[in-house]
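Report on the structure given below.
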Amino acid sequence: MNEEILQQCIGNDRIAQRKLYDAYYPKLHFVCKRYLKSQEDIEEVLADAFFSIFSKLPQLKEILAFDAWARRITVNQCLSFLRKKELASISIDEFELNIPDPVIQDFPYNEEELLRLMDTLPTGSKTIFNLYAIEGYSHKEIAEQLGISEGTSKSQLNFAKSKLQKLVHQFYFSKTN
């Protein structure tokens, strides 16, 4: 993000804030979409995230870190929302997993289709998968964020990966067979 625009945002310049919002809305919307299913929830979390971003912007020490900083605020808002809604209770739904032995190597990635597949995961597993595989959190950090054990984080990640592998195989490869 342009340092001048960020400085103007710190000074509560509404035009600069709108520019920042317009530039980051798609990126942060995508982050929220990985954690939340309903558009209403996504919009609510995005509003809270942008409020936090604008409120805490004077605390940002390194302008070059703005992208990662804004994304982290958005992830934290998603987690906070899930905790408030009590949706982050971590439990494995009963699924029969018949995962094929071969490892899936290449398939035609389609972002929207993959997001829909991720939406089939229980909220807890989906949250942990996002935090670990996409955001790069450690199991220790996830456990602290969600108030669970590291073992629960690891088992939920394994469950999510297994379920996604099965779904990807069914969705992409059963069509050609």
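The values are calculated or read from the model by the stated rules, or taken from the named source; none is laboratory data. Keep in mind the model is a prediction, meaning the values are calculated, not measured. When we count neighbours, we look across all protein chains shown, and the Cβ atoms used for this are built from the backbone with ideal geometry, even at glycine.
Inside segment 137-151, can you point out the residues that are within 19 Å of residue 80 (Cβ to Cβ) and assigned to a loop (DSSP other than H, G, I, E, B)?
Listed by number, the residues that qualify are 137, 147, 148.
If only one of 85, 61 is within 23 Å of residue 128 (Cβ to Cβ) and over 16 Å from the mean Cα position of the chain (by Cα), which one is it?
85
Restricting the search to segment 1-38, which residues are charged (D, E, K, R) and in contact (Cβ under 8 Å) with a residue 60 or more places away in the chain?
Those that are charged (D, E, K, R) and in contact (Cβ under 8 Å) with a residue 60 or more places away in the chain: 3, 33, 34, 37.
Within segment 29-66, which residues are of a type in the set (Val, Ile, Thr) and buried (at least 19 other Cβ atoms within 10 Å of the Cβ)?
31, 42, 45, 53
Residue 125 - would you say it is within 18 Å of the chain's Cα centre (by Cα), within 17 Å of residue 158 (Cβ to Cβ) and modelled with pLDDT of 50 or more?
yes
When you scan segment 152-165, how many residues do you find that are touching a Gly at 6+ places or on another chain (Cβ under 8 Å) and over 22 Å from residue 84 (Cβ atoms)?
Number of matching residues: 0.
Of the residues 68, 49, which single one is without any contact (Cβ under 8 Å) to a residue 24 or more places away in the chain and in a helix (DSSP H, G or I)?
68
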